[in-house]
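The values are calculated or read from the model by the stated rules, or taken from the named source; none is laboratory data. Predicted model, so just to flag it, every value in this text is computed and none were measured. Positions of Cβ are generated from backbone atoms using ideal geometry, with glycine treated the same way; all protein chains shown enter the neighbour counts. The area values use the complete protein model at the heavy-atom level, side chains included, leaving out ligands, DNA and RNA. Shrake-Rupley method; radii C 1.70, N 1.55, O 1.52, S 1.80 Å.
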Amino acid sequence: RRSSDLFIKLKTIKGTPQIDNEDFYYGSVDAKNNEKLLKACVNCKRFRNVQVGYPKADFDASKNKQFYACTFLLPHNIGFISFRGTDITMVGWREDLYIAYRDTIPGQEDAVKYIKMVTKLFQGNFYVGGHSKGGNLAIYACLNMYKKLYTRLIKCYSYDGPGFKATIKEHPNYELLRPMVAKFLTSNDMIGVIYNNVENAKIVYSTGILLGGHDPFRWLINFRNVDFAYAKDRSFMSKKYEEALMSWLKEVDDEDKRIAVHVIFEMMGDSKNVYDLLLKSGRLILNGKKTWDEYTPQQRIKARETFKKLGKYFLSAYSPRRFLKEKFAMKSIEEKSEN
């Protein structure tokens, strides 16, 4: 017998395999907090009767693809189709960096196939959403799903998800989807601002520093209206970071970005995940030299210039004094009640 109603309810979903509790948080960046969150949900009156099913995992190291999705079945036959963000594997992180120089990434096609498949398995309306890369997959899947599904789509959520190298405004389904998209950035954002093609994003106040601001466990909640605590604007540092990164992405051509990404991951050697990488960190210099020797002198010069430009842009954006002032001021919070 499962330890909670959430997983017992799975037995009522026809054709859905059982999902162990651990499947929801194993391999995630913050597995311990995700486990606590899951236990809180299954003991909460609001969520305990939610059914979970239709899990789909596709991990392919040869294609640098890390994909996972499942669907939460809410009351009144409403679904929430959820796409997972990046896990702790090097494959997942490499797929993320494809966003810098590719129009599409491997997991996006899986997301389209998943949304077409799962919407045939229940007839109700549905939400779609995801955090980080999952937010990118959510928008991509909704842009490329069957047009008839737009009458069933309630909302598409991207929680600090990066955008797309190719413009989405020229997509034939963009105007259909645009009113249904809700994107959330954070006050110290460093991820969602990458190729940010979504208009009118809401800014959630996050207490995290730098990449820590991307962690949803650091996003503040306004308990009076059961909503996020919103900021009036992003921090100065976040804006400078976006300016620096986007300047680099526009200036450096795609082939040079591809080589830079290749060098970074070849330095990591045979590391399977971020923890494995930390254990083998002493080999990074040796791996880096070996990788560097594989390139022609001209390619080395171009790669070196690529990294120099990136460093120059980030140094121009970094202001410790301004960052600390904004970090402790807490004056940018503006509570909102809209959904």
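Quote the relative contact order of region 59-186 in percent (integer), defining contacts as alpha-carbon pairs under 8 Å separated by 6+ residues.
Relative contact order comes out at 23 percent.
How much of the DSSP bridge set in region 96-250 is antiparallel, in percent, rounded to the nearest 5?
Here the antiparallel bridges make up roughly 25 percent for region 96-250.
Going by average Cβ density within 10 Å per residue, which order do the peptides 148-154, 131-137, 241-247 take, highest to lowest?
Packing order, densest peptide first, comes out as 131-137, 241-247, 148-154.
For the pair Asp60/Arg218, report the inter-label distance in nm, with labels modelled 7 Å from Cα in the Cβ direction.
Rounded to a tenth, the inter-label distance reads 3.5 nm.
Can you list the residues of region 85-121 with backbone N under 20 Å from a point 7 Å past the Cα of Arg258, pointing along Cα to Cβ?
Within reach of a label on Arg258: 91-109.
So how exposed is Arg300, as accessible area in Å² (1.4 Å probe, rounded to 10)?
About 70 Å², ignoring ligands and nucleic acids.
Too long at a 19 Å Cα-Cα cut-off: which of Lys120/Lys148; Lys45/Lys155; Lys240/Lys309; Lys116/Lys147?
Distance filter (> 19 Å) returns Lys45/Lys155.
Sort 76-88, 180-192 by the packing proxy (mean of other Cβ within 10 Å over each peptide's residues), most packed first.
Descending mean neighbour count gives 180-192, 76-88.
When the chain is fully extended, how far beyond the present Cα-Cα distance does Val226 get from Glu175, taking 0.36 nm per residue of separation?
15.4 nm
In whole Å, how far is the Cα centre of region 82-120 from that of region 186-261?
Distance between centres, Cα-based: 19 Å.
Using a 10 Å cut-off on Cβ atoms, rank the peptides 157-168, 117-128 from the highest mean neighbour count down.
Numbers: 157-168: 21.2, 117-128: 17.6.
For the peptides 157-168, 117-128, the packing ranking is 157-168, 117-128.
Fully extended, how many nm does the chain gain between Cys44 and Lys120 (0.36 nm per residue separation, minus their Cα-Cα distance)? Walk me through the numbers before you get to the answer.
On the way: separation 76, 0.36 × 76 = 27.36 nm, distance 2.94 nm.
Full extension of this stretch gives 24.4 nm more.
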